[in-house]
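Undergrad: Handing you this structure, nothing more for now.
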Amino acid sequence: MAVETTTRAKLRWGLLDVLVVVFALVPVLWIASLSFKTPATLTDGNFIPREWTLDNYRTIFDTDQFVRALVNSIGVALIATLVAVVLGAMAAYAISRLDFPGKKLLVGVSLLIAMFPQVSLVSPLFEIERQLKIFDTWLGLILPYITFALPLAIYTLSAFFKQIPWDLEKAAKMDGATQGQAFRRVIAPLAAPGLFTTAILVFIFCWNDFLFAISLTSTERSRTVPAALSFFTGASQFEDPTGAICAAAVVITVPIILFVLFFQRRIVSGLTSGAVKG
Amino acid sequence: MADIVLDKVSKSFPDGTVAVQDVDLEIADGEFVILVGPSGCGKSTTLNMIAGLEDISSGELRIAGQRVNDKAPRDRDIAMVFQSYALYPNMTVRENMAFPLRLAKLDKETIDRKVDEAAKVLELTSLLDRKPANLSGGQRQRVAMGRAIVRQPKAFLMDEPLSNLDAKLRVQMRTVVSRLQKQLGTTTVYVTHDQTEAMTLGDRVVIMRGGAVQQVGPPQELYDHPKNLFVAGFIGSPSMNFLHAAVQDGELHTALGTVPIGDRVRRELEAADAPRELILGIRPEHFEDAELVDDDTRRRGMEFEAPVDIVESMGSDKYVYFTVEGEKASAAELEELAADAGATDFAGAGGNLVTRLSAESPVAEGQTRRVWFNLEKIHLFDPANGRNLTLHEGRAAGALAD
């Protein structure tokens, strides 16, 4: 069946696409719009601000609270992503390449962890972390993040590893590489798109998390932005913090966008083409 | 440069399947040995064991006199060309070829010189900066070879290196491989399932079936003096014709008539446990149009008449397919060969007779033709174990030998 590409069909699909994009983007744009409004015009219902101002942004960067939270967020998310991707890569490689007893069980259990409702773990984690004295520290957030990001990482990565022809690893070994060299110099570069995809997913998960961030932190020492936002009061307690919260929301969206844009270039499909016949 | 010795090498998997069983093979320094057999015969497993990519379950593997069973592939100093070429897609041709040298930690100048030399031999010089994705199948194949020869290993292992090429290129690359091996004089073990490649390339051919070696020898010897039914059916294209033959009163009753037998075969058949039924094997080229046979030759064979089914004129000669009546030859080996060839292709055991007659023969489809065949060239096999009864001290002498 040939796909109809009449002008009318194109128009209809185009309109539908625009509708979906608008539906998805309006809240984001609204937040952005609010963040540029002055307190006086905040509730005037205009989508495009009548009076533009950068005061909200100034406010949030003036308070130590937000900057500190931003640093926490970046630090925690980056470290958790790095560790999860490295561990996940090793585990996924083993799962896709080796046949070992209990492999199915391992994959099953890691799937179970991913499905476990996080909220049911918050209280036990809170107790455990207090006992271990890692409550309200970076480590206290990084550990649960890694736990929940690992299954995700293992799944995505093993799918990528499975696509790499095993002959390449054999060839590397025949060429004189050790197992480690074969992995680092041949397999890992080919799995790079997978590594970056996984990194993005894990980073977004850590960056967006609110539940752990609010439950396992108590001070600015380790509070990440999503949690910090809920404590936002503006410059003084008599001020309406809506504008500032919106500005902060916009600011924390930026790293995600940058992160995705940066890595997107590396996610080139067809990197393995030409390795084997075809 | 080294010799490779397999001493009762076996491979069994944890689930109990035995892939390779007691393979004894001595490959001399500089020799070009082909492992050939249908899929699943253990030839690739054997090669992987030599390479070190598979563990050896029992037996000993020696390269240059040294036991290497437990050595990692990288410590065996052998290079391998894969069926899939296995080029590193993220590296250019130059980087691909330099990879083994870089791992060996040679200095950059030496690496460049060696890569350039190898590229020149394989006519890859103009492609050195390309990525594998931008190469044709034949070029990729040459890069894979280049990566193998560049570090001058003790031996080359090739795992069906030409099977992904189209027919024309395959013939062309066959000569390239052959010339390269002669030029470098490096011990080479080459795995293929294509008997033509096996016949044309190797100094010696090892025929495998079900994990066991069937026969080892120079191609012509395997062709002329097959030890058993399997070897006879596997080597040769079109393959040997097999007919059912019943032993009765010192003669063989076949679909082609009653075939007399000589003293030597008779003695074999007089043994108490001798088979009462045999399989008669005869190659297509040992038939001739009876009109074209001179009297002297005629005496060495016998004649029969059969309806012509199909005539394929090749120019130099004619392949003529006859329909013959009578019982079909049946043996486990023949079924296996038929399965490997894709049943329809393997006419050898059916009611069809493939003959190769002179181009001068006026044979035409639909007519009944008188055909002569050479009794000195026929083989008789025991259907129970496939043994060639006409083989005496390694030479086949036909049914009439005294």
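Undergrad: Can you tell me which residue in the range B:190-203 is modelled with the highest pLDDT, limited to those that are assigned to a loop (DSSP other than H, G, I, E, B) and of a type in the set (Asp, Glu)?
TA: Checked the range B:190-203; the qualifying residue modelled with the highest pLDDT is B:Asp203.
Undergrad: Among the residues of the range B:204-218, count how many are in contact (Cβ under 8 Å) with a residue 40 or more places away in the chain and either part of a loop (DSSP other than H, G, I, E, B) or open to solvent by less than 20 Å² (accessible area, probe 1.4 Å) (or both).
TA: 6
Undergrad: Ok, one more. Give the number of residues within the range B:368-402 that are within 21 Å of the chain's Cα centre (by Cα) and among the β-branched types (Val, Ile, Thr).
TA: Residues that pass the stated criteria total 1.
Undergrad: Which condition breaks for B:Asn90 when tested against (1) out of contact with any Gly (no Cβ under 8 Å at 6 or more places or on another chain); (2) more than 8 Å from chain A (Cβ to nearest Cβ); (3) of a type outside the set (D, E, K, R)?
TA: Evaluating B:Asn90 over (1) out of contact with any Gly (no Cβ under 8 Å at 6 or more places or on another chain); (2) more than 8 Å from chain A (Cβ to nearest Cβ); (3) of a type outside the set (D, E, K, R) leaves (2) as the failure.
Undergrad: Which members of the range B:125-160 meet the condition of being basic (Lys, Arg) and within 11 Å of chain A (Cβ to nearest Cβ)?
TA: B:Arg130, B:Lys131, B:Arg140, B:Arg147, B:Arg151
Undergrad: Applying the selection to the range A:167-180, what residues are surrounded by fewer than 17 Cβ atoms within 10 Å (Cβ to Cβ) and in a helix (DSSP H, G or I)?
TA: Selection gives A:Gln179, A:Gly180.
Undergrad: How do the strands (runs of 3 or more DSSP E) wholly within the range B:30-101 filter down when requiring 2 or more residues that are touching a helix residue (DSSP H, G or I) at 6+ places or on another chain (Cβ under 6 Å): which remain?
TA: By residue number, B:32-36, B:78-81.
Undergrad: Residues of the range A:191-219 being touching a Ser or Thr at 6+ places or on another chain (Cβ under 9 Å), surrounded by fewer than 21 Cβ atoms within 10 Å (Cβ to Cβ) and within 14 Å of another protein chain (Cβ to nearest Cβ), which ones?
TA: A:Pro193 - this is the single residue of the range A:191-219 that is touching a Ser or Thr at 6+ places or on another chain (Cβ under 9 Å), surrounded by fewer than 21 Cβ atoms within 10 Å (Cβ to Cβ) and within 14 Å of another protein chain (Cβ to nearest Cβ).
Undergrad: If you don't mind, there's one more thing I want to ask. Output the number of residues of the range A:138-166 satisfying the condition of being of a type in the set (Ser, Thr, Tyr) and either touching a strand residue (DSSP E or B) at 6+ places or on another chain (Cβ under 7 Å) or open to solvent by 30 Å² or more (accessible area, probe 1.4 Å) (or both).
TA: Adding up the residues that qualify gives 3.
Yes/no per residue for (1) out of contact with any Gly (no Cβ under 6 Å at 6 or more places or on another chain); (2) in the same structural domain as A:Val109 (by TED's automatic domain parsing); (3) of a type in the set (S, T, N, Q):
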residue: A:Leu157; (1), (2), (3): no, yes, no
residue: A:Phe161; (1), (2), (3): yes, yes, no
residue: A:Trp166; (1), (2), (3): yes, yes, no
residue: A:Leu190; (1), (2), (3): yes, yes, no
residue: A:Thr198; (1), (2), (3): yes, yes, yes
residue: A:Leu216; (1), (2), (3): no, yes, no
residue: A:Ser222; (1), (2), (3): yes, yes, yes
residue: A:Pro226; (1), (2), (3): yes, yes, no
residue: A:Leu229; (1), (2), (3): yes, yes, no
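Undergrad: Testing A:Ala69 on (1) in a helix (DSSP H, G or I); (2) open to solvent by 80 Å² or more (accessible area, probe 1.4 Å); (3) not charged (D, E, K, R), one condition comes back false. Which one is that?
TA: If we test A:Ala69 against (1) in a helix (DSSP H, G or I); (2) open to solvent by 80 Å² or more (accessible area, probe 1.4 Å); (3) not charged (D, E, K, R), just (2) comes out false.
Undergrad: While we're looking at this one, here's another question. Does the range A:72-85 contain any residue that is in the same structural domain as A:Asp209 (by TED's automatic domain parsing), modelled with pLDDT under 90 and open to solvent by 80 Å² or more (accessible area, probe 1.4 Å)?
TA: Checked the range A:72-85: no residue is in the same structural domain as A:Asp209 (by TED's automatic domain parsing), modelled with pLDDT under 90 and open to solvent by 80 Å² or more (accessible area, probe 1.4 Å).
Undergrad: I'd like to check something: does the range B:328-335 contain any residue that is among the hydroxyl-bearing types (Ser, Thr, Tyr), at pLDDT below 90 and open to solvent by 60 Å² or more (accessible area, probe 1.4 Å)?
TA: There is at least one residue in the range B:328-335 that is among the hydroxyl-bearing types (Ser, Thr, Tyr), at pLDDT below 90 and open to solvent by 60 Å² or more (accessible area, probe 1.4 Å).
The values are calculated or read from the model by the stated rules, or taken from the named source; none is laboratory data. This one's a predicted model, so the numbers in the text were calculated from it and none came from an experiment. Every residue, glycine as well, gets a Cβ built from its backbone with ideal geometry; the counts of neighbours run over all protein chains shown. Heavy atoms of the whole protein, side chains included, go into the accessibility calculation; ligands, DNA and RNA do not. Shrake-Rupley method; radii C 1.70, N 1.55, O 1.52, S 1.80 Å.
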